[in-house]
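A short write-up of the structure that comes next.
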Amino acid sequence: MPIAAALMYRRMTGNKPAAVRERERDCMAQVLAGRLIVYSSTKPVSAAELRLARFTEGGATLAFRDHRAPVRGLAVKREALRAAMEELARKPDAAPSVARRGQPSL
């Protein structure tokens, strides 16, 4: 997920992935999670887990406010990422404002 978030941020802003800060990747991970299935290992992360957590460590971890164990090893399918990137490229207003302002609070 962190690589997907960095690639998506680059696609939306033109910034190089190496220059994308952790918080920006967290924001983009949140945007992507609303458009595709996020996996932890091989199991999908539930919609409830996504609502109750926030992305941290550049999109690598889901941290819960209720202090339960974080979910790590997040990933997305390559084909789904391509489709989300194409969708957001057609509708650029859907992501950049979130990326500029920071991750929405839960």
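No value in this document is a laboratory result; all are computed from the given coordinates. Quick caveat, the model's predicted, so the values are computed rather than measured. Cβ coordinates were reconstructed from backbone atoms using ideal geometry, including for glycine residues, and neighbour counts include every protein chain displayed.
Say each of Glu87 and Leu52 gets a label point 7 Å from the Cα, pointing the same way as Cα to Cβ; how far apart are those two points in nm?
Going by the 7 Å Cα→Cβ label model, 2.5 nm.
Any idea what the dipole of region 8-76 comes to, in debye rounded to 20, about its Cα centre with Lys/Arg Cβ at +1 and Asp/Glu Cβ at -1?
Taking the Cα centre of region 8-76 as origin, the dipole is about 140 debye.
Using packing as a proxy for protection, rank 48-60, 79-91 so that the peptide with the highest average count of other Cβ atoms within 10 Å comes first.
Details: 48-60: 18.0, 79-91: 14.1.
In descending order of packing, they fall as 48-60, 79-91.
Could you check how many percent of all C-alpha pairs in region 2-95 are farther apart than 18 Å?
It works out to 40 percent of all Cα pairs.
For Lys16, list the lysines whose Cα falls under 23 Å from its own Cα; do not include residues on the same chain fewer than 8 positions away.
Lys77, Lys91
Evaluate the distance, in nm, between pseudo-label points positioned 7 Å from the Cα of Lys16 and of Arg72 along their respective Cα→Cβ axes.
It is 2.9 nm.
Find how much the distance from Tyr39 to Ala63 grows on full extension, using 0.36 nm per residue of separation minus their present alpha carbon separation; answer in nm with one decimal.
Values: separation 24, 0.36 × 24 = 8.64 nm, distance 1.46 nm.
Extra length available between Tyr39 and Ala63 comes to 7.2 nm.
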